[in-house]
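A short write-up of the structure that comes next.
The values are calculated or read from the model by the stated rules, or taken from the named source; none is laboratory data. Quantities reported herein were computed from a predicted structural model and do not represent experimental measurements. Here the Cβ positions follow ideal geometry from the backbone for every residue, glycine too, while neighbour counts run over all protein chains shown.
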Amino acid sequence: MTPATARTWHRLAGLALVVALAGTAGWGFHRVFAGTGLILAIVPAAVAPALVAALTRSRPLWLALLLDVVLWFAGTIPLYGGPAPGVFADVANAWQGLLTTLLPAPPEPRLLVLAHTLVWAAAVVGAEVLNRTRTRLAAALPALVVYGVALLLGVDGEGSNLPVAGALLVLVVALALVREGRPALWLLAGVPAGAALAALALVAGPLLPIAAEPYNPRENAELPPPRRVDSVSPLDRVSAWLQMPDRDLFTVKADKPLNWRLAVLDRYDGVRWTSAARFQPTGGRVPEGEWDGPAETVRQSVTFSGLPGTWLPAAERPVEVTGVRGLAVDPGSGALIAEVKPGKGFAYQVTSRVAKPSKQDLLDAAPVADASLTAFPAGPQRKLFTELAQEATKGADAPIKQAYRLQSYLRANAGYDVKAPPGHSLKGLEFFLETTHRGTSEQFASAFALMARTLGLPSRVVVGFRPGEAGPDGVYHVKSGHVMAWAEIKFDKLGWRPFYPTPGRSGSKDDHDVVSSAIQESEKLAGEFTQGGTSKPKQSRPTRTGTGDASEGGLPLWLIAPAVLAVLLVAYLGVAAARPWWRRRARRNAPAPGQRVLGAWRQTCDDLGLRDARTLTAEEVVARSGAVSPDLRPLADITNFARYAPEDVGSAAADEAWRRSDAVRLAVRARTPLTARLRDRILLR
């Protein structure tokens, strides 16, 4: 192979490795995006800049960059399904959108364009640096930066990026060997060595302290403010739905009959319940609740047939949702909404996790300390609610018993009446508790939640539906008459626990068509816990709000990022300073005199800046650089002798070769400005 052919092969191999590096770094986003849309975003972005670099190697840089920009925009056309005038705004806003999206993020073009652009930028910089400079590893740095961004954005995603890190390490080793000008046989040895090092990193990576609790930038991201989802609250619809009980709303095909949760309302101003949910887009995953004990998995397939609004019903706490484009979830409550109002025939699938705590778990549970969930509006009605709550729970020695006794009290002392006046203001609830003692689940759930708050039990109101009318093949037909509101109380480690204070149509026994197992379980526990007990309640503990600031033991991003960069910079400078010294020391201390002579010659060629010295004879090196030092010619003669008769070389010749090499080194240093020497040292030239 001629020297020109070898240089061409090395350049093309380097470009191929830059493509592989950029594409592999882009695949680090696999923890961020679900599905195969990521491939469409990163493959064109990794390949196109390398082709441009190969075709414009002898052309001005501005021409190559212009072609790269044109190809970048062309690459967004298949991503968006056509020209997208707003692509630049999407690139600017995608990072914020990803930080406020629950992973996996939906593979939408407005989000995927960030990965596309980062991979494109890494491929452009890497290809042009490789084409127009002689640096060894600088072309790999942009891809490593992209991988770092992918790590940060996907820190709480599913899967692992350790295999991606291992692949990047192998590719960096291969690029270093190619840029060094090593023959192909070196790749056969170097790449397996890099792979072994990567395998070692894969094993050791999870053992590092940072792997247990990696920094998550989402903890510092500013979430969208609470918003009112629909113009009409589902709780305000309860009375109207009960007046027209036969209106079809949706069907559910499920493993078992459960109550279908629709909306969660946790703020009360004395007039109405509203939601303080902070909905975040998601590709289908719903964060798990506080309970990590035994639970039952229930799968549902929901089809709309007339349900208004954008709330999406689901059983208990969902963990995964499929079939919804534009899905958003409140991580705190697990409530689901669709960005676009669903129409008739709209269908999706839900997997829910139904907690199954033991009786002892319930007895040991302590209510969390959250002032916003125990707030009671100012007004004279507080005295009434407090007195009734204390009367209902007299003698209860555990918070869970207080809650169940309060549930039993309301079920036994008021009646269910679909014709009762609607509303849940303090004045209306006062009229319900003191005068009529008749109401719908709207009044029962609201009264329970407010009475619980006077006892220090954090509460909220949930609007949903009973299972509905059972049909064939496990399909439940839910109509407007199945609407129901209930209350929930939040316990430490247990999470939100449902309570059903609304009695059935004929007294305290629920007599609807299909009774949820949750209601049956609640009635059973209420019967057990209203008989008294000896368990003592545990002291409540405040829950962490997870603000992620320095006062809670974490460091802010503005402090962590510079510190990490400083450590990386110091490490790089340390390598840059130590590598030439270590290489020169190894050459000088070679075991055989002949090897020491050849090491002195290679050191001199490096000092002279001859990157292609392996393809040059000693005479050609002297012809190029003989004026640098009079010691170069004698060193070339010793080297020629050592090349052809290494067994005849003695220690004296080796010492003479290194003396001449050191003299040449001093001469080169005297002729080279300090800034140039520092630049070459930092860039590992």
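Within region 396-407, if we keep just the residues that are more than 10 Å from F529 (Cα to Cα) and touching a helix residue (DSSP H, G or I) at 6+ places or on another chain (Cβ under 8 Å), the residue that is surrounded by the most Cβ atoms within 10 Å (Cβ to Cβ) turns out to be L406. Condition test on F279, is it aromatic (F, W, Y), in contact with a Phe, Trp or Tyr (Cβ under 8 Å, 6 or more places away or on another chain) and in the same structural domain as A487 (by TED's automatic domain parsing)? So F279 fails the test.
I'm trying to understand the selection: among the residues of region 350-364, which are in contact (Cβ under 8 Å) with a residue 12 or more places away in the chain and either in a helix (DSSP H, G or I) or surrounded by 22 or more Cβ atoms within 10 Å (Cβ to Cβ) (or both)? Within region 350-364, V350, S352, K359, D361, L362, L363, D364 meet the criteria. Inspection of region 130-138 identifies at least one residue that is crowded, with 22+ Cβ neighbours inside 10 Å and either assigned by TED's automatic domain parsing to the domain that holds A22 or closer than 29 Å to G284 by Cα (or both).
Residues checked against (1) within 19 Å of L71 (Cβ to Cβ); (2) in contact (Cβ under 8 Å) with a residue 40 or more places away in the chain; (3) of a type in the set (D, E, K, R):
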| position | (1), (2), (3) |
| --- | --- |
| V87 | yes, no, no |
| V91 | yes, no, no |
| P106 | no, yes, no |
| L114 | yes, no, no |
| A122 | yes, yes, no |
| P142 | yes, yes, no |
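Taking strands (runs of 3 or more DSSP E) as the structural unit, those lying wholly within region 307-349 and holding at least 2 residues that are over 11 Å from L262 (Cα atoms) correspond to 317-322, 327-329. So if I check each of E647, E619, which one is assigned to a helix (DSSP H, G or I), over 18 Å from P591 (Cα atoms) and at pLDDT below 85? Selected residue: E619, the only one of E647, E619 that is assigned to a helix (DSSP H, G or I), over 18 Å from P591 (Cα atoms) and at pLDDT below 85.
Within the set A54, A45, the sole residue that is small (G, A, S), surrounded by fewer than 22 Cβ atoms within 10 Å (Cβ to Cβ) and not in a loop (DSSP other than H, G, I, E, B) turns out to be A54. Look at L608 and say whether it is modelled with pLDDT under 70 and of a type in the set (A, V, I, L, M, F, W, C). Against the criterion (modelled with pLDDT under 70 and of a type in the set (A, V, I, L, M, F, W, C)), L608 does not qualify. Checking each residue in region 88-124 for being buried (at least 20 other Cβ atoms within 10 Å of the Cβ) and among the β-branched types (V, I, T) picks out T101, V113, T117, V119, V124.
Restricting the first member to region 365-386 and to residues that are in contact (Cβ under 8 Å) with a residue 24 or more places away in the chain and in a loop (DSSP other than H, G, I, E, B), and the second to residues that are of a type in the set (K, R) and surrounded by 16 or more Cβ atoms within 10 Å (Cβ to Cβ), the beta-carbon pairs closer than 6 Å and six or more apart or on different chains are V368/K490; T374/R453; F376/R453.
Tell me, please, whether a residue that is surrounded by fewer than 21 Cβ atoms within 10 Å (Cβ to Cβ), in contact with a helix residue (DSSP H, G or I) (Cβ under 9 Å, 6 or more places away or on another chain) and not in a strand (DSSP E or B) can be found in region 465-473. No, region 465-473 has no match at all.
Of all residues in region 239-277, those being touching a strand residue (DSSP E or B) at 6+ places or on another chain (Cβ under 6 Å), surrounded by 23 or more Cβ atoms within 10 Å (Cβ to Cβ) and among the aliphatic types (A, V, I, L, M) number 6.
If you go through region 656-679, how many residues are out of contact with any Asp or Glu (no Cβ under 9 Å at 6 or more places or on another chain) and exposed (fewer than 15 other Cβ atoms within 10 Å of the Cβ)? Before the answer, list the steps.
First, the residues of region 656-679 that are out of contact with any Asp or Glu (no Cβ under 9 Å at 6 or more places or on another chain): 656-658, 666, 670-671, 673-679.
Next, from what is left, pick out any that are exposed (fewer than 15 other Cβ atoms within 10 Å of the Cβ): 666, 670-671, 673-679.
Number of matching residues: 10.
Checking region 420-435 against the condition returns no match, with no residue being small (G, A, S) and in a strand (DSSP E or B).
Residues of region 620-655 that are in contact (Cβ under 8 Å) with a residue 24 or more places away in the chain and loosely packed, with under 13 Cβ neighbours inside 10 Å: E647, G650, S651.
The residues on offer are A276, A335, A263, and the sole one that is within 19 Å of V238 (Cα to Cα), under 24 Å from the mean Cα position of the chain (by Cα) and not β-branched (V, I, T) is A335.
Residue by residue, here is whether (1) among the charged types (D, E, K, R); (2) within 23 Å of D492 (Cα to Cα) holds:
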position: L262; (1), (2): no, no
position: V271; (1), (2): no, no
position: Q280; (1), (2): no, no
position: D292; (1), (2): yes, yes
position: A295; (1), (2): no, yes
position: A335; (1), (2): no, yes
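Is it fair to say R59 is over 30 Å from Q280 (Cβ atoms), among the charged types (D, E, K, R) and assigned to a loop (DSSP other than H, G, I, E, B)? Answer is yes for this residue.
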